[in-house]
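Some notes on the structure that comes next.
The values are calculated or read from the model by the stated rules, or taken from the named source; none is laboratory data. None of the values given here were measured: they were computed from a predicted structure. For neighbour counting, all protein chains shown are included, and Cβ atoms are generated from backbone atoms with ideal geometry for every residue, glycine included.
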Amino acid sequence: MTRDSAHVVEITGDAGLKAAQELAVTLRHAISTQDEIAIATDAITSADITTIQLLLAASKLAQASGKSLRLTAKPKGVLRDLLTHTGFLDAQGRALTPDGDFWTPSPAKGKAA
């Protein structure tokens, strides 16, 4: 890993209530040991409001710790559907909440979109 690359946490499968404790531990560990964390969400097959809460809480914890936590790409599939259904994103994927920058990350500088 180069100095400019982030530690990637890939969330796969069920990321809802049943997986919440394990996911929270994984995210806390990444935040405590890494300065820059990127979360890959494309392989999520099941999600609920707990997923959204965990990701936002991790983002706030990282920020409070002086760390960087972001999504690797704009949410797709199950997570995007959930974010749209719960009012975090509109049908076009635009943020509808103050924390919208977390859900709609811009491509990293110097990297292709």
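Summary table
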| read-out | value |
| --- | --- |
| Meets criteria (modelled with pLDDT of 95 or more, in contact with an Asp or Glu (Cβ under 9 Å, 6 or more places away or on another chain) and either more than 21 Å from Thr104 (Cβ to Cβ) or of a type in the set (Val, Ile, Thr) (or both)) for Gly66 | yes |
| Positions within the stretch 76-97 being on the phi < 0 side of the Ramachandran plot, over 12 Å from the mean Cα position of the chain (by Cα) and not in a loop (DSSP other than H, G, I, E, B), in sequence order | Val78, Asp81, Leu82, Thr84, His85, Leu89, Ala95 |
| In the stretch 33-75, the residues that are over 13 Å from the mean Cα position of the chain (by Cα), of a type in the set (Asp, Glu) and closer than 22 Å to Leu17 by Cα | Asp48 |
| Residues (closer than 16 Å to Thr26 by Cβ, surrounded by fewer than 20 Cβ atoms within 10 Å (Cβ to Cβ) and of a type outside the set (A, V, I, L, M, F, W, C)) located in the stretch 51-64 | Gln53 |
| Residues (within 16 Å of Ser5 (Cα to Cα) and either exposed (fewer than 10 other Cβ atoms within 10 Å of the Cβ) or at pLDDT 85 or above (or both)) located in the stretch 97-111 | Ser106, Lys109, Gly110, Lys111 |
| Check on Ala6, in contact (Cβ under 8 Å) with a residue 60 or more places away in the chain and closer than 16 Å to Gln63 by Cα | yes |
| Residues satisfying the stated conditions in the stretch 19-50, i.e. farther than 18 Å from Trp103 by Cα and exposed (fewer than 13 other Cβ atoms within 10 Å of the Cβ) | Gln21, Glu22, Val25, His29, Ser32, Thr33 |
| Tally of residues being more than 12 Å from Leu55 (Cβ to Cβ) and either modelled with pLDDT under 95 or in a helix (DSSP H, G or I) (or both) across the stretch 9-25 | 6 |
